[in-house]
Structure formats: structure tokens, C-alpha cells
Amino acid sequence: MIGGVVVLAVAVVVSVWAPRPGGRVGEGRWTVRSPSAMIFAMKILVVGGSGLLGHHVLEQLRLRGHEATTVARTPREGVDRVLDVTTASEDDLRELLAGHDGVVFAGGSDDRRVDKGPVAPRLHAGNVAPVVALLKAAREVGCTRAAVLASYYTYFDRVHPEWGLAAKHPYVRSRIEQAKLARESAGPDLPVAIIEVPYVFGVAPGRVPEWSVPVVKWVRSSAPLFAPRGGSAATSARGVGIVTVDALEDGSGADIPVVEETCAGRTCSPAWPAPPESLVRSARCPPASSARCSASAVA
């Protein structure tokens, strides 16, 4: 991220991302299934289960009576297995997946973390290579369903290939390759749902969205603020969990865009009037005057 401009650059694509009436979270409105509608209780491995989105996937799995195993790179409360899947061997991955019906990849490298050196190899190593290895192992041990928490940039590339997004940005390219190679690695008998995630609002223990910390700092600064007109698609971390578990229960191999609100111009949901204006108002109001003055509320 460079300042606040990159955060708001997605304003140009908001007009093509609109929630459809009816349906699930991925189609613009929540539908939480009744436990009686489930075909069987699944055992799901969640890679990145200690993160913001992984936490909410786990929560939804357990809420519906499924069993879940949490995998993360570092020890943390609630983590069942400590393993870095980016460096794990094929044998390690097969052993990890054995006995599970499915797997969720909720890890990866974010485009807002800029390190020294070429970024494309880092994004491939974080987003593509581990998913390919994980789904190959999942196929070999007999898993029957999988989901990858990805990015809404794959949606835009699919519906507007003339924009040439992959050629312009290595992060978009890594997400497109992730979806393509994930399915190739899984093969025809292991459906892989690609969960296309936009901007996320929500929290989990010790976690906030990647964008929230620099954005809150930006809008609370004393410098003049610049932001283009427009808005973007948004969803909640809980909504991502709901859609992901729906896809697992369905054994879906679809591309599933997730959106609960499309914030455009000066119109949005009553709870979130319109970014960036609402961010500025929330961050600069006196702490005692509004619950939305806190960083956690903005996040």
C-alpha cells in the first residue's frame, strides 16, 4: 500500500460489482442453513485457521456441527497443528490431510505487504505454490471438497478480460494462477470453490483486516486528505465464513464472489454511510461522541 490512494483504487470497478437480489451472502443477502439441511458431518482442515477469515470459517464449521482441524505457521491458542505449508514436504501434507473430507486454504500473501526485492516470486510462493501442493495431497488422500479464500480481482478479470489486470499487477496475476492451478492440481474428482473476497470488515481474536491499520492512521492524520469519488464492494468476515462453509457442504467447484454491500458514491448501508467520507468522519470525531471513533469499530 502506498499512502491511502491504493486503498481506494478499486473505486473504478464498483459499478460492475452489485449484489443480486435474494440468495446467499455471495449473492447479496445472508441465508444461514438449518442444521437439518446438512447431508453429513464433515471433517475439514483449515490452513490459516488462526487468521481473521480462517477464524470465521472455523466458527461456522463448528456452529453447524462439523469437525475442524486448525493449521497455522506459529503456535497460538486454538491451533491444532503447527506447520508451514509453504515449506512442508509432500509426505507432511498427506499426513496432515489424512482422514479429512476437505480442506480450506485461508492463508497466502497480501498485496499490501511490500518487502524488498521482486514481488512476483514472493506472491507466487505465498499464493500459488502452497495451494498446488496442498490440493495435490488432498486429491491423493481422497478429499472430496476444497475451498480457497481468494480475491475479487479474479472476478473482475473474468468478466472484464479487456482490462488486462494480470498483465498490470503481479498480485492479480498470482490470484488468477492460484485458481487455475488449484483446480488442475485437484483434478476432476475434487471440486475446488474459489471464494472471491472483497474488502472485509470484522475482527477475530488478535486480528483485524490488513487494510484497517494504515487506513485508520491515514484518516486520523492532520494532513489534507485526498480520495477519488466512488466506492467498492465489501463484506464481513462472518459472511466469508458462511459462504465458504456453504460451498463445502455443497461440494461446490464454482467461482463464488462474496458481497454484502456495494458502497458507491454517497450511498451505502445505513451502518456504513460511504467510504471514504465515513472513515474521515469516524476517525476525526471526538472519542466520546461516537462508537465508530475506535479503530476496532472502523476495522
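No lab work stands behind these numbers, since they all come straight from the coordinates. None of the values given here were measured: they were computed from a predicted structure. With ideal geometry, Cβ positions are generated from the backbone for all residues, glycine too; neighbour counts draw on all protein chains shown.
Odds and ends about this structure:
- Charge sum, other residues only, whose C-beta stays under 11 Å from TYR155's C-beta, Lys/Arg counted +1 and Asp/Glu -1: -1
- Sorting 53-64, 166-177 by average packing, meaning the other beta carbons within 10 Å per residue, from highest down gives 53-64, 166-177.
- One decimal place: the segment VAL132-ASP92 gains 13.0 nm when fully extended, by the rule 0.36 nm per residue minus the C-alpha distance.
- When each of the peptides 78-86, 94-102, 131-139, 181-189 is scored by the mean number of other C-beta atoms lying within 10 Å of its residues, the order from highest to lowest reads 131-139, 94-102, 181-189, 78-86.
- Neighbourhood net charge (15 Å Cβ-Cβ; Lys/Arg +1, Asp/Glu -1) for LEU83: -2
- Eigenvalues of the alpha-carbon gyration tensor of the range 147-219, scaled by 5 and square-rooted, set the equivalent ellipsoid semi-axes at 27, 18, 9 angstrom, largest first.
- If R0 is 30 Å, the Cβ-Cβ spacing of LYS116 and ALA167 corresponds to a FRET efficiency of close to 0.80.
- For ASP255, nonlocal amide neighbours, meaning residues 5 or more places apart or on other chains whose placed amide H falls under 5 Å from its own, are ILE194.
- Neighbour counts of other Cβ atoms within 10 Å put THR235, THR244 in the fewest-to-most order THR235, THR244.
- Cα shape, the range 51-110, gyration tensor, a/c 1.5 rule: oblate
- Neighbour counting of Cβ atoms within 10 Å sorts the residues PHE40, PHE156, fewest neighbours leading, into PHE40, PHE156.
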